[in-house]
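The values are calculated or read from the model by the stated rules, or taken from the named source; none is laboratory data. As the structure is a prediction and not an experimental result, all values here were calculated from the model. Cβ: placed from backbone, ideal geometry, glycine included. Neighbour counts: every protein chain shown.
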């Protein structure tokens, strides 16, 4: 078995975040694929790694880690360079705040299992699902855009001139937005930062359609 193995799915924004972190920190890894629409994340052997039956799970240093933000924090603590969090406490709090806006406020209510549930439970058609997704993005992207435009901590990236945890969470959300036709014109700063991130191989190589399981 490889020393570092990432269990994920090409479209999972949570797995996307971890791919970026591994790439940015130049940690060699292999991938195992769990097709979420086929329910492969609920296979008994995978549930032994992650009892929640979610991706990602990262096998590293003899441990099986789950939850993307916890995984990234582990990588930051055990492999601190290049850093994904600022050195100063206020900067770290700001980067985390922007990251959590995407990872905690948007992602949990717009992920695949929630969208599937509102289809099944409430009979939502494709238009209603798209409207749901767009609504919750807009609710949070508006405030993020205002913060990026007005706060002095903003630089080339969400915080300063090197990528942070905030960018690792923002980019996958922007990519997901394209699948649901979210209008990105109201967010010039988000768009600028997104483009800056994709100029870096760590982000570009982690893109969903570049993964071996892309379809």
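Residue pairs whose Cβ atoms lie under 6 Å apart, sitting 6 or more positions apart in sequence or on different chains, and linking a residue in the range 93-121 that is over 22 Å from residue 194 (Cβ atoms) to a partner that is at pLDDT 95 or above and outside any helix (DSSP H, G or I), are 118/124. Within this structure, residue 169 fails the test of being surrounded by 23 or more Cβ atoms within 10 Å (Cβ to Cβ), over 19 Å from residue 56 (Cβ atoms) and out of contact with any strand residue (DSSP E or B) (no Cβ under 6 Å at 6 or more places or on another chain).
Residue 138: touching a residue at least 12 places away in the same chain (Cβ under 8 Å), assigned to a helix (DSSP H, G or I) and over 16 Å from the mean Cα position of the chain (by Cα), yes or no? Yes: the conditions hold for residue 138.
For the range 184-206, filtering for residues that are in contact (Cβ under 8 Å) with a residue 60 or more places away in the chain and buried (at least 16 other Cβ atoms within 10 Å of the Cβ) leaves 4. Applying the criterion of at least 1 residues that are in the same structural domain as residue 136 (by TED's automatic domain parsing) to the helices (runs of 4 or more DSSP H) found wholly in the range 1-111 leaves 89-100, 107-110. Taking the range 41-91 as the range and being out of contact with any helix residue (DSSP H, G or I) (no Cβ under 9 Å at 6 or more places or on another chain) and under 17 Å from residue 160 (Cα atoms) as the test, the residues that pass are 81, 87, 88, 89, 90, 91.
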